[in-house]
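The values are calculated or read from the model by the stated rules, or taken from the named source; none is laboratory data. Since we're looking at a predicted model, the values are computed, not measured. Neighbour counts run over all protein chains shown; Cβ positions are idealised from the backbone, glycine included. Ligands, DNA and RNA are stripped out before the accessible areas are found, and what is left, the full protein with its side chains, is counted by its heavy atoms. Shrake-Rupley method; radii C 1.70, N 1.55, O 1.52, S 1.80 Å.
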Amino acid sequence: MATVLSNEVKQALQDIYYNERTGRGKEALALLERASQKGDGDASCVLARCYCGRQYVWAGHGFPEDDDKAIHFLHKSVEQGSALGVLVAMRSGELTPSVEKKMPFANLKEALTQAEELAKSGDAFSQYVVGNVYFWWDFLRIDNKDRDSFPSHEAFKAYLRENISKCEDWFWKAFRGGMYFAANNLNRYYEQGDEDIIAPQPEKARDLWRLGAEYGHPIDQAIYADELTKVGRKEEALSWYKKAAEGGHPGAWYDVGRCYFTGEGTAKDSAYAVSCFERELARDPIYTGACNLLGKAYFLGDGVPQDYAKAYHYLSIAYYKQDSKWGAFYLAKCCFYGWGTPQDYGQAFRFLSYVSQKIDEADYMRGVIYAQGLGGIQEDIPTGVTYLQKAGNFPKAKEELRRYKRTLFGKWVRRG
């Protein structure tokens, strides 16, 4: 039962949580695996979190999500005598009675006491874990108490209030010490409060993302940039998106590119935007936003030479692999006209079904397909004409309408 963290765990925490933009996440993961094999329970505990996905570790590290491994290492950490492992396993629902029996602590209170000693020594991860004990009411299980342990409901609420409120100080210590995840729980604590026990204090949440951004955490820089964008401070937002991108935050190069592609917070620079989208796709080849806007850039020849085949390629990745319908209009045009892909009216019609905004050319394509009965769609001249009329002054629609006339009985037919 370690009363101090090993040098291996301290180094791993630095690279995984406290100074994650160093890019040494994978080295830290390997370091933890070696330490775990040698019996370091705290290493096993941190390792378990690394395999739990982006809810528990920064996505920028690119760690594989593996529930079986996470559970294995959590159980192992308990058996190896990690107080932090006991608390994290309890929080994760993995401290079953059989697992609890294997811990070398007399009881859960002893494990919490040891974890608090680690937290008091200044380790931010330990402070975060202890904060979660109070934030998520795990102290009830540790103290072996419930509503029936108190003479009145008010006495029970007072006990809850006293303990829940302890999370605030622990989370602040953890946040200032480098544990960026603590900001998430602080934000929830301030914005929502806790039932009728802790009142919301939204004013205290106001600067959390700014502080995290200033501390250098790429994820908080991206969140703060989003917040700045919402209030119209787009130039500032772009500078933080750039910092997040340079720090390796997933999606940030897309955000930088989006700003330059649309001229949001900066002068429009489509060529630079394309380079940003390419950087994002080098990290994640199916990143939705980058695929969509890079596809649009190639479709329009905006920042790159016009290339319908590449446009169709990137837009199709977003559509088929990420279920994004954003580029459906461009995909429909490619299929309708045979640009960058074989002409396919049926596929064009399917893409058009996802185009909900009013676009004259979309109505023109629908009109032609219905009126001529193309792509396996049953000929329906009246419906086709309705769409062609909806296309307004779109030149091709006006030209197509000349092929049809209304009979004396008001029926639309093809001109002879």
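What the table shows:
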quantity: Condition check for residue 34: on the phi < 0 side of the Ramachandran plot, open to solvent by 60 Å² or more (accessible area, probe 1.4 Å) and modelled with pLDDT under 95; calculated: no
quantity: Residue match in the stretch 219-226 (condition: more than 30 Å from residue 263 (Cβ to Cβ) and open to solvent by less than 60 Å² (accessible area, probe 1.4 Å)); calculated: no
quantity: Lone qualifier among 174, 183, 155 - being open to solvent by less than 40 Å² (accessible area, probe 1.4 Å), without any contact (Cβ under 8 Å) to a residue 24 or more places away in the chain and among the aliphatic types (A, V, I, L, M); calculated: 155
quantity: Matching residues in the stretch 57-86 - criterion: being under 26 Å from residue 110 (Cα atoms) and either at pLDDT below 95 or of a type in the set (Lys, Arg) (or both); calculated: 76
quantity: Any chance residue 144 is surrounded by fewer than 20 Cβ atoms within 10 Å (Cβ to Cβ) and either within 24 Å of residue 117 (Cβ to Cβ) or small (Gly, Ala, Ser) (or both); calculated: yes
quantity: Failed criterion for residue 304 (all others in (1) open to solvent by 10 Å² or more (accessible area, probe 1.4 Å); (2) closer than 19 Å to residue 263 by Cβ; (3) in a helix (DSSP H, G or I) hold); calculated: (3)
quantity: Residues of the stretch 106-134 classified as closer than 21 Å to residue 9 by Cα and not in a helix (DSSP H, G or I), total; calculated: 3
quantity: Any hit, the stretch 48-66, residues being open to solvent by less than 10 Å² (accessible area, probe 1.4 Å), within 21 Å of residue 114 (Cα to Cα) and either part of a helix (DSSP H, G or I) or in contact with a strand residue (DSSP E or B) (Cβ under 7 Å, 6 or more places away or on another chain) (or both); calculated: yes
quantity: Residue 149, sole failed condition from (1) of a type in the set (Ser, Thr, Tyr); (2) without any contact (Cβ under 8 Å) to a residue 24 or more places away in the chain; (3) surrounded by 18 or more Cβ atoms within 10 Å (Cβ to Cβ); calculated: (3)
quantity: Every pair of residues 6+ apart whose Cβ atoms lie under 6 Å, when the first sits in the stretch 257-272 and is part of a loop (DSSP other than H, G, I, E, B) while the second is open to solvent by 40 Å² or more (accessible area, probe 1.4 Å); calculated: 264/234; 265/234; 265/235
quantity: Inter-residue pairs, beta-carbon under 6 Å, first in contact (Cβ under 8 Å) with a residue 60 or more places away in the chain and in the stretch 48-76, second not in a helix (DSSP H, G or I), 6+ apart; calculated: 59/250; 60/248; 60/249; 60/250
quantity: Yes/no for residue 323 being touching a Ser or Thr at 6+ places or on another chain (Cβ under 6 Å), farther than 19 Å from residue 365 by Cα and of a type in the set (Asp, Glu); calculated: no
quantity: Residues of the stretch 307-318 classified as under 20 Å from residue 289 (Cβ atoms) and surrounded by fewer than 19 Cβ atoms within 10 Å (Cβ to Cβ), total; calculated: 4
quantity: Residues within the stretch 49-92 that are in contact with an Asp or Glu (Cβ under 7 Å, 6 or more places away or on another chain) and among the charged types (D, E, K, R), tallied; calculated: 1
quantity: Members of the stretch 243-252 found to be open to solvent by less than 30 Å² (accessible area, probe 1.4 Å) and part of a helix (DSSP H, G or I), listed by number; calculated: 244, 245, 252
quantity: Criterion (over 30 Å from residue 224 (Cα atoms), at pLDDT 95 or above, surrounded by 13 or more Cβ atoms within 10 Å (Cβ to Cβ) and among the β-branched types (Val, Ile, Thr)) met by exactly one of 133, 129, 99; calculated: 99
quantity: Matching residues, the stretch 193-242, being of a type in the set (A, V, I, L, M) and in a helix (DSSP H, G or I); calculated: 205, 208, 211, 213, 219, 222, 223, 225, 228, 237, 238
quantity: Residue in the stretch 3-20 that is open to solvent by 10 Å² or more (accessible area, probe 1.4 Å), without any contact (Cβ under 8 Å) to a residue 24 or more places away in the chain and among the aliphatic types (A, V, I, L, M) present; calculated: no
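Yes/no per residue for (1) surrounded by fewer than 15 Cβ atoms within 10 Å (Cβ to Cβ); (2) in contact with a Leu (Cβ under 8 Å, 6 or more places away or on another chain); (3) not hydrophobic (A, V, I, L, M, F, W, C):
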position: 333; (1), (2), (3): no, no, yes
position: 339; (1), (2), (3): no, no, no
position: 344; (1), (2), (3): no, no, yes
position: 353; (1), (2), (3): yes, no, yes
position: 362; (1), (2), (3): no, yes, no
position: 367; (1), (2), (3): no, yes, yes
position: 370; (1), (2), (3): no, no, yes
position: 374; (1), (2), (3): no, no, no
